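Encoded as structure tokens, the structure appears first; notes follow it.
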Amino acid sequence: MRLNSRIIFHLMGLLLLCNGGFMLLAAVVSGIYEDGATLSITLAAVSTMFVGTFAMYYTRGHRKEVKQKEGYIIVTFGWIVMSISGMLPYLFSGAIPDITNAFFETISGYTTTGASVVNDIEALPEGILLWRSLTHWIGGMGIIVLAIAILPLLGIGGMQLFAAEAPGPSSDKLHPRITDTAKRLWLIYFGYTVAETLLLKLAGMSFFDAANHALSTLSTGGFSTKNASLAYWNDRPLIQYIVIFFMFLAGTNFVMSYFAFKGKVQKVLKDEEFKFYALFVVSATILVALVIYFQAHITELTPGYPMVLGKLESSFRHGLFQVVAIVTTTGFVSADFTAWTPFLTIFFFGLFFLGGSAGSTSGGIKVMRHLLIIKNGVLEFKRTLHTNAIIPVRYNNKTIKVEIVYNIIGFFVLYMLLFVIGALVLGFLGLDFESAIGGAASSLGNVGPALGSLNPVSNFNGLPALAKWWCGFLMLAGRLELFTVLILLTPYFWKRT
């Protein structure tokens with residue numbers, strides 16, 4: 001079977017056109033603030049749109065049919081093409097003049113990882129800061145559409161199960177309602193972003209900071225306009241609570257938001273993944289807050305409270321903030337959680353592997369997969385005692401096909417294997433043990449902050465050049481559900497059938 005290469009290039013051109021359009025938005029903001037980067041960003045936008053227009057015009061006679069092979073190529077190369085074009089504003093403006101660093105920052109943006117190589121974020125022009133946040137926002141919504149419309153068709157990592165819960169797509173072929181579904185989710189995504197921007201502005205942020213943090217929050221990205229991230233507003237608890245709320249929403253299956261807006265609240269409350277996700281966040285927050293209160297040394301207390309209450313509120317807020325930020329893989333920081341206690345460092349490292357809900361902008365393994373793996377593991381005890389019994393895994397009162405369970409177990413094994421390989425490569429490239437395992441887990445899970453020299457108050461700038469490219473690969477593989485990227489590295493994928 002020959003690849004339909006014309007539609008692949010046509011869609012790459014369309015992505016470049018969209019990317020260039022968002023760059024023009026950043027250029028307009030740059031002009032408003034007169035930050036000196038307007039011409040550079042505009043040139044990057046025009047160059048990107050020119051290449052995109054040429055690609056679309058040259059392939060205008062394509063066959064409007066996307067097979068499974070083309071699907072894998074479009075998804076993976078789409079993110080790569082976006083990242084290559086997306087680094088142009090950094091390079092042209094001189095904000096990040098090195099190609100390795102510019103590509104790292106860009107792919108970290110589009111994969112909503114949030115790991116940065118910029119030492120002084122506040123020194124960047126406003127147009128570039130907005131572009132950083134926009135790369136998050138574009139990548140975040142791209143993941144929603146990807147999860148709804150494409151991954152189920154490719155049979156990726158158990159996403160077929162998610163397709164059954166989605167309000168539009170079918171699990172075996174493109175459905176006319178996919179476009180309508182994508183539009184509705186875009187509307188919810190955009191609406192949440194506007195709402196958070198307004199609330200953060202009312203809570204005391206500047207409009208520019210509020211817009212940037214809303215773009216980063218809803219995409220579960222983590223890029224901030226401040227060097228200290230959300231710790232910059234530790235004296236304004238309301239700002240952090242607003243960000244916590246929207247991080248939690250962003251880590252929830254966006255289809256649940258769709259159901260909630262349709263008035264089907266009971267459907268949301270009965271969803272097993274949502275219940276597990278919410279219960280885990282609450283339980284983890286209580287645990288972390290207690291450890292912070294009794295064991296960690298906190299110098300920052302909530303203003304306006306007596307000492308005991310101030311420490312209690314501060315412990316709760318920091319615990320809740322960091323739990324939600326890591327579970328949803330947003331990666332904002334209100335404090336250096338690696339400096340609290342050794343127990344909490346290990347605990348948060350474990351959270352790197354959780355991830356938010358399927359159908360959210362979060363990275364990681366995803367709550368749904370963990371839930372089904374646990375259920376299947378528990379049922380193995382029953383199957384051992386009742387060898388002739390057929391005991392299926394059930395999810396939301398539905399029997400799950402054994403093929404999907406095997407797919408999810410295979411995904412988990414592959415994920416952990418890639419984590420081990422990722423850490424070994426980083427160790428080989430010179431990182432110490434803590435930094436290597438933290439960097440691999442954070443990159444693969446699209447978390448952002450890591451451990452060791454890559455801790456929350458540091459960044460990835462000190463990594464060797466090869467380590468930055470390797471982390472970029474891990475970010476892409478983790479963001480696109482592993483199989484989508486790794487299958488392109490197999491020889492049989494490229495054989496004609």
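List of remarks:
- Those residues of the range 417-437 which are within 16 Å of Gly478 (Cα to Cα) and free of Cβ contacts under 8 Å to residues at least 24 places away in the same chain, in sequence order: Leu417, Val420, Ile421, Ala423
- Residues in the range 92-102 that are farther than 21 Å from Pro449 by Cβ and in contact (Cβ under 8 Å) with a residue 40 or more places away in the chain: Phe92, Ser93, Gly94, Ala95.
- Only a single item in (1) over 17 Å from Ile121 (Cβ atoms); (2) at pLDDT 95 or above is not met by Glu273, and it is number (2).
- Count of the range 94-106 residues which are more than 14 Å from Trp131 (Cβ to Cβ) and either touching a His at 6+ places or on another chain (Cβ under 9 Å) or open to solvent by less than 10 Å² (accessible area, probe 1.4 Å) (or both): 1
- On inspection, Val282 passes the criterion of being at pLDDT 95 or above, of a type in the set (Val, Ile, Thr) and out of contact with any His (no Cβ under 7 Å at 6 or more places or on another chain).
- Residue satisfying all of: in the range 465-497; surrounded by fewer than 20 Cβ atoms within 10 Å (Cβ to Cβ) and at pLDDT 95 or above; farthest from Tyr415 (Cα to Cα) among these: Ala465
- Being surrounded by fewer than 18 Cβ atoms within 10 Å (Cβ to Cβ), over 22 Å from Ser133 (Cβ atoms), in contact (Cβ under 8 Å) with a residue 24 or more places away in the chain and touching a helix residue (DSSP H, G or I) at 6+ places or on another chain (Cβ under 9 Å) is not true of Leu11.
- All conditions in (1) open to solvent by less than 60 Å² (accessible area, probe 1.4 Å); (2) part of a helix (DSSP H, G or I); (3) at pLDDT below 95 hold for Gly448, with the sole exception of (2).
- Where Glu105 falls short, out of the listed (1) within 24 Å of Ala210 (Cα to Cα); (2) touching a residue at least 40 places away in the same chain (Cβ under 8 Å); (3) assigned to a helix (DSSP H, G or I); (4) out of contact with any Ser or Thr (no Cβ under 6 Å at 6 or more places or on another chain): (2)
The values are calculated or read from the model by the stated rules, or taken from the named source; none is laboratory data. Treat the numbers as computed from the prediction; the structure is a model and nothing was measured. Virtual Cβ from ideal backbone geometry, glycine too; neighbours counted across all protein chains shown. SASA here: full protein model, heavy atoms, side chains in, ligands and nucleic acids out. Shrake-Rupley method; radii C 1.70, N 1.55, O 1.52, S 1.80 Å.
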